[in-house]
Amino acid sequence: MSAELIPRAEPSPPRASYLNAGYGVKSWLLTRDHKRIALLYMISITFFFFLGGLFALLIRLELLTPEGDLLQAETYNKLFTMHGIVMVFFFLIPSIPAVLGNFFIPMMIGAKDLAFPRLNLLSWYIFVVGGLFTLWAIVHGGVDTGWTFYTPYSTAFSSSRVIPAAVGIFITGFSSILTGLNFIVTIHTMRAPGMTWFRLPLFVWSHYATSMIFVLGTPVIAVTILLVALERILHLGFFDPALGGDPVLFQHLFWFYSHPAVYIMVLPAMGVVSEIVPTFSRKRVFGYEFVAFASIAIAVLGFLVWGHHLFVSGQSVYAGLIFSFLSFLVAIPSAVKVFNWTATMYKGSISYRTPMLYAFGFIGLFTIGGLTGLFVASLGIDVHVHDTYFVIAHFHYIMVGGAIMGYLGGIHYWWPKISGKMYPEGLAKFAAFVVFVGFNLTFFPQFIVGYLGMPRRYHAYPPEFQVLNVMSTAGASILGLGYVLPLAYLIWSMRYGKDAVDNPWRATGLEWQTPSPPPTENFPVTPVVTWEAYEYRPREEAQVIG
Amino acid sequence: MRTDLPLFPDRASTIASQVDALYFYLITVSAFFALLIAVLLIVFAIKFRRRSENEIPPAIEGGLALEIAWSVIPLCIAMTFFFWGAKIYFRMNRPPDDALQVFVVGKQWMWKLQHADGMREINELHVPVGRPVQLTMTSEDVIHSFFVPAFRMKRDVVPGRYATVWFEATRPGRYHIFCSQYCGTNHAKMIGWVEVLEPNAYQNWISGGGGSESLASAGAKLFQQHACNSCHRPDSLARGPNLEGLFGRQVKLADGRTLVADETYIRESIVNPTAKMVEGFQPIMPTFQGLISEEGILQLVAYIKSLSKPSPGSGTEMLPPGNTMPAPNRPGTEPGSGKERKP
Amino acid sequence: MAEPEPLPAAEHAPGRLQHHFRSMEQQRDASSLGMWVFLVTEILFFGGFFLTYTIYRWQFPRGFAHASVHMDIVLGTINTAVLIVSSLTMAMAVHSAATGRRKPLLGFLSATIVLGFVFLGIKAVEYTDHIRHHLLPGPGFQYPGGDGPAAQLFFSLYFGMTGLHALHMIIGIGIVTMLLYMAYRGRFSPGYYSPVEVSGLYWHFVDIVWIFLFPLLYLIGRHLK
């Protein structure tokens, strides 16, 4: 698509859209429209995000002082457990796929809906039921096993609500599986004529990779949780050392899913960044095929590195070697992505709108998260930093610095399409800045305190770690503000925001060729795709670098 | 509030300086790449900022050479991390032969430690400077992890198996022991101290223990008490394998496999005797699961180990040959195991 | 997976094309790919059990072989035969649907349901037997000889794996019952029978899982008898 073909920005009259297609509760709760289901997800995960954030706040407050004086040890243990469970299973994993993926994958490939709309709605209901189980567990005493549910503590020693929480995660897992299945089938069978695999936006590629993990990994965590539940309720022994069972086997099974789950969180965010950077540079993404295959490579390699969580658990030295080696390999596709995004900006036309600021933030924080991943992949260093705050800082750089920056960037990027309104730009830029500063202030000190040796999941700690913890708590309060701001102004903008034009960023994706907000059917006529992804200028004109 | 701001942990073991060297190397490389990306982002963002609303920049396609370059160069650098880290890891997992032996049992929420010659400690570990110390660890309940930041040393303590780890302290002082694997309510209170002493001070400390008998001789008593010797005996009436010289030897199992008899194997054979049957014996041994405590099993293991050591005929049977430490001056603790041993 | 639903527009099967598909072919491709992806998920789901089994059997070969002697080989063999025949009737049902013969379709679906119940009935008899002999893991577990712990692991896996398989059978019977109702209402035609087809895939999958479970749980100790 050449420059002249980019639709001009012009105001559009009020029209029928998916938002005004029906106003009753039923029209939402029984909808099969992927866009409405995406909004249902958005509301649910926003609730869980702030719930998990509340737990984080209490954790940080407790850690202001070394003595452990604000909360009881038991309460603290429940708080970090529920922070982990809520954030990982009920916010991060569904965040970008179930909201932005759900909303935009069909639109990006020129389809009217996902392949299985009813299954999509069912996924949301399953998610809600799983969430209710977990909420029930939280309200009725909470869980104190850590989100990792390590045996034999979870099967034989904890007296907290392990079963309802585990059942909640088990159920929610099926929601992930069905979402992943739906995406895979949709991407395979529902592409519009002319939408070949290598014309797909990279957001779709990264969701295809994510869906592979959903489909292949989630059942393993499901069966692992089932084994824990059977052991706890029926005293079937699977990991019981008294029977010769091996508690470390649980860790293998758990991380076989939960390591790839990290990529479930970050791959979609990479997909968002791969949309934002070309749009706000007005250039085709540098090395499209490499970025696309890097997503697949990360998903595949992600399944082979789980053992790096067990370097100090007593697995054989040689297993440690192999897992360490493979973990370093994951760094390569990640580095390829970062270099390509950066190169995309070269000789671009770069605009500093809010989504681009989040993309900058993502690239910076993900780079730090990825580089510190090399530290923990390195056997000699991991022995020291394993289970310390170093690891906490590392994975928050990936999961919060990466995934949440990506999510917020994506929400701002597509907000005009989702809501038909513009968010307030100045305030949004300010919030993005606050999030970035608050995040670094919260988590950077944790690298230092981690290398000093402060173990994770400590309710009280030796006094020499205090200053760094105070810094971290101070940063967390700034970060908290950064998260509340978008919630407030986005809600505000739904009513008072300026009306959005169809394609405010002059992006090239199919989703921008529909009205904002889109009609229920997305496209009145199935589009026929004749151009490449991100083709701001014809590819024949392109100068090849490198 | 304490206002001191330590940025780097104590360095008090031989391995610590090696770990730190790799750590600094990684920091240097990481800082380089992080700055590279940051500078490129900022320079591009400023230099190529949008100057008019309608501009469409020239099209640029990525080429293969550049992609290969920024895949292969990071890969090569990552491999240096890998090999260096693996080298240190190997060293961490190869205890020297002449290490002092200490046995550790973790339980919610304390560390119980016992030295080879019987000295017991709780949440404290006294070791001499400049001597390798090997810990053999297990747990009575859940998984714990024995972590001494100043030694850059950590190992999970898993119920049902033995974990071994070693260190050699280089600087006298008092260093934290943390439990770093979440283990329940008072996980954060499962903290202890390693007290690294000068050799003389250590000698004074260890000889001030008084009265405790060595692990191996306590194990020998247990061996009698549970009538293990009625089956495990060297003569023709033996219904179980003879345990003399067993430790560290290849064992042929009834199902054709062979394995080396180590601590974990001996432990398993006590609690789950039919799991790995020795060739030529019947599965008649009952399980001692729940009948002997983890500490008791450790004593039995120490005893069986002592049956394989060439005996210098002194009270130092658990200390490696050639060690310079004189036998503790406690004639009363002449090991009971002495009579079982063949010269 | 497929979602039959009367909506306008279709080529061969009026009212069977959902609004968001462009053609019946696309709709059929989607249903069948959906089921295959789902089965991949299922393989991974059972995979956790199979992996656990493999590791413990490798660790305790003797205990596992001896424990498996306590299985009722006759009932197990009958059940294997029952399942294989049910797969045949299911395949015949798909064939009948594809060729548009309603009566055989109803007959084969009913036969599949009946065989499914026979399997579950026999399984229930076996479970009762095991429980009566104190072979249900937990505090009441009793096992002669020194292999107790390993045998308990074996029976934990036995109950876990066959229980999960039985759960899949129950779900399968539910699905086939739904198909029976739809077939009775005449919803299928040679142009539209993908619900029968993809449910058939599921049924065969559950059958295949049993083909693996049977030797692993029943046959490994035969040489000891």
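Taken together, the values in this text are just the output of simple stated rules run on the coordinates, not laboratory data. Owing to the predicted nature of the structure, the values given are computational and were not obtained by experimental measurement. Note: ideal-geometry Cβ built from the backbone for every residue, glycine included; neighbour counts use all protein chains shown.
The table below gives the values:
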read-out: Nitroxide proxy distance, nm - points 7 Å out along Cα→Cβ at A:Leu427 and C:His134; value: 7.1 nm
read-out: Residue mean of other protein chain beta carbons inside 10 Å, B:272-280; value: 5
read-out: For region A:320-357 and region C:50-67, distance of Cα centres in Å; value: 45 Å
read-out: Residue-by-residue Karplus 3J(HN,Hα) for region C:152-168, coefficients 6.51, -1.76, 1.60, Hz, glycine and proline x; value: 5, 4, 4, 6, 4, 5, 4, 5, x, 6, 5, x, 5, 5, 4, 4, 5
read-out: Under-5 Å amide H pairs with A:Val285, H placed in peptide plane, nonlocal only; value: none
read-out: For region A:419-427, 3J(HN,Hα) per residue [Karplus equation, 6.51 cos²θ - 1.76 cosθ + 1.60, θ = phi - 60°, Hz, x = Gly/Pro]; value: 9, x, 10, 8, 7, x, 4, x, 4
read-out: Lys, Arg +1 and Asp, Glu -1 on Cβ, resulting dipole of region A:8-98 about Cα centre, debye, nearest 20; value: 740 debye
read-out: Average beta-carbon neighbours from other chains, 10 Å sphere, peptide A:306-312; value: 3
read-out: Sparsely packed chymotrypsin sites (Phe, Trp or Tyr not before Pro) within region A:5-107, loop by DSSP, other Cβ within 10 Å at most 10; value: A:Tyr23
read-out: Chain A: calculated mean residue ellipticity at 222 nm from DSSP helix runs of at least 4, using -39500 (n - 2.57); value: -21000 deg cm²/dmol
read-out: Cβ-defined net charge surrounding A:Leu408, 15 Å radius [Lys, Arg +1; Asp, Glu -1]; value: 0
read-out: Mean-position separation - Cα centroids, region A:29-97 and region B:86-108, in angstrom; value: 39 Å
read-out: Ranked A:Arg15, B:Arg171, criterion: other C-beta atoms within 10 Å, fewest first; value: A:Arg15, B:Arg171
read-out: Computed over region A:261-328: relative contact order in percent, which uses C-alpha pairs under 8 Å that are six or more apart; value: 27 percent
read-out: Taking B:Asp262, B:Asp10 and counting other C-beta atoms within 10 Å, the order from fewest to most; value: B:Asp262, B:Asp10
read-out: Neighbourhood charge, 14 Å Cβ-Cβ cut-off, centred on B:Phe147 and excluding it, Lys, Arg +1 and Asp, Glu -1; value: +1
read-out: Under Karplus coefficients 6.51, -1.76 and 1.60, residue-wise ³J(HN,Hα) of region A:303-308 in Hz, glycine/proline x; value: 7, 10, 10, 4, x, 6
read-out: Protection proxy ranking of A:481-490, B:64-73, B:112-121 - average other beta-carbon atoms within 10 Å, highest first; value: B:112-121, A:481-490, B:64-73
read-out: Inter-chain shielding of A:229-241 (mean C-beta neighbours from other protein chains, 10 Å cut-off); value: 6
read-out: Inter-label distance, nm, simple model (7 Å from Cα along the C-beta direction), B:Lys221/A:Leu64; value: 5.4 nm
read-out: Mean Cβ neighbour count within 10 Å, used as a protection proxy, ranking A:231-238, B:195-202 highest first; value: A:231-238, B:195-202
read-out: Candidates B:Ala227, B:Ala59, B:Ala216, ranked by Gaussian network fluctuation over chain B, Cα under 10 Å, top entry; value: B:Ala59
read-out: B:Lys189-A:Leu54 pseudo-label distance in nm [points 7 Å out on the Cα-to-Cβ vector]; value: 2.9 nm
read-out: Label point at B:Ile284 placed 7 Å out along Cα→Cβ; residues across region B:212-230 whose backbone nitrogen lies under 13 Å; value: B:230
read-out: B:Ser13 long-range amide H proximity, modeled H, under 5 Å; value: B:Thr170
read-out: Under 5 Å, built H, 5+ apart or other chain: amide partners of B:Arg152; value: none
